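One structure is given below, encoded as structure tokens.
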Amino acid sequence: MTRLHEMLIRHEGLRLKPYRDTVGKLTIGIGRNLDDVGITREEAMILLNHDIAKVQREVKKTFPWFSHLNGVRKNVVLNRVFNLGLPRLRQFKKAIAAIRANRWDEAAKQMLDSRWARQVGRRARELASMMKSGKYNVT
């Protein structure tokens, strides 16, 4: 860390959650003005990579059966945790039981028979189809 880094952290502060600065601008980090500057695509990809890694760790720790899924079905589960959060995904007990038992038709059916599916529409249909087939089928 350079002296400039140290000085800016001391003067701007380090805030890991968004806040409104003294003139009302949404800000995060060390004075990053999200209202006017936002983030770059590269920064968004860094955040995404960190978020995916976190979700993967949570899922592997929570669901012992996860490691036995093929890559497509793993990504379906990760996508849903990314969207819902792990606590909400754990409420899908019938879908989880079907996945654990390799009953793909039933898992897809249970995914679609939910308020989540009605809320996210196309996303749910795409993920359920991928869970059922074990293949990527994005159109």
Of K109, K74, K93, K135, the only residue that is more than 16 Å from the chain's Cα centre (by Cα) and surrounded by 15 or more Cβ atoms within 10 Å (Cβ to Cβ) is K109
Looking across the stretch 61-99 at residues that are basic (K, R) and assigned to a helix (DSSP H, G or I), the single one that is nearest to Q110 (Cα to Cα) is K94
Filter result for A101 (loosely packed, with under 13 Cβ neighbours inside 10 Å, over 24 Å from D51 (Cα atoms) and at pLDDT 95 or above): yes
Considering the stretch 2-19, residues that are closer than 14 Å to N33 by Cβ and not hydrophobic (A, V, I, L, M, F, W, C), and then whichever is farthest from the chain's Cα centre (by Cα), we arrive at E12
(1) touching an Asp or Glu at 6+ places or on another chain (Cβ under 9 Å); (2) surrounded by 12 or more Cβ atoms within 10 Å (Cβ to Cβ) all hold for G24 apart from (2)
The one condition V59 fails out of (1) assigned by TED's automatic domain parsing to the domain that holds V120; (2) of a type outside the set (D, E, K, R); (3) in contact with a Phe, Trp or Tyr (Cβ under 6 Å, 6 or more places away or on another chain) is (1)
Only unsatisfied item for N49, checking (1) within 13 Å of the chain's Cα centre (by Cα); (2) surrounded by 11 or more Cβ atoms within 10 Å (Cβ to Cβ); (3) closer than 30 Å to N33 by Cα; (4) not small (G, A, S), is (2)
inquiry  = Can you confirm whether V55 is part of a loop (DSSP other than H, G, I, E, B) and either out of contact with any helix residue (DSSP H, G or I) (no Cβ under 6 Å at 6 or more places or on another chain) or within 30 Å of N137 (Cβ to Cβ) (or both)?
reply    = no
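The values are calculated or read from the model by the stated rules, or taken from the named source; none is laboratory data. Bear in mind that the values here come from a model prediction, so they are computed numbers and not experimental data. No Cβ is skipped: glycine too gets one built from the backbone with ideal geometry, and neighbour counts run over all protein chains shown.
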